[in-house]
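What follows draws every value from the coordinates through simple rules; no lab data is involved. In this text, all values refer to a predicted model and were calculated from it rather than measured experimentally. Methodologically, a virtual Cβ is constructed for each residue, glycine included, from the backbone with ideal geometry; neighbour enumeration extends over all protein chains shown.
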Amino acid sequence: MNENLCPVCGYDLGVPAWKGLSPSDKICPSCGIQFGYADFAGGSIEKRKELYRFWREAWIASGKTFIPKTQWKAIISRALSNTTCPPPDAKDINTNN
Ligand SMILES: [Zn+2]
């Protein structure tokens, strides 16, 4: 697995999109995502993964073209409002504990 590949579209960025908690600040020339900005996702790695999924869908829907900044907001808000929280465990809702 090449860690230099864009997590959205697979373009070879030449550097990792993120090194641990440090974003590259790069804009992917293929899908338009900017690491550390468009994918900040409130600092949540889980939400960032979700955002990548939505970004990829938008990228494919656009015919795999560069997504300009003017369209970021729509994708980001859609991705972050998609709360796929797992259901609580039975022990969490058992008030007798
Ligand atoms: Zn990309």
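Listing for the model above:
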item: Residues (in a loop (DSSP other than H, G, I, E, B) and either within 11 Å of the chain's Cα centre (by Cα) or away from the ligand (no atom under 13 Å from the Cβ) (or both)) located in segment 42-79; result: S44, G63, P68
item: Among (1) part of a helix (DSSP H, G or I); (2) within 14 Å of the ligand (Cβ to nearest atom); (3) under 12 Å from the mean Cα position of the chain (by Cα), the one test that D39 misses; result: (1)
item: Answer from I27, I33 - the residue that is in contact (Cβ under 8 Å) with a residue 24 or more places away in the chain, of a type in the set (V, I, T) and under 18 Å from L5 (Cβ atoms); result: I33
item: Matching residues in segment 8-25 - criterion: being in contact with a Phe, Trp or Tyr (Cβ under 8 Å, 6 or more places away or on another chain) and either buried (at least 17 other Cβ atoms within 10 Å of the Cβ) or not in a loop (DSSP other than H, G, I, E, B) (or both); result: V8, C9, A17, W18, P23, S24
item: Filter pass, I27 being more than 10 Å from the ligand (Cβ to nearest atom) and among the β-branched types (V, I, T); result: no
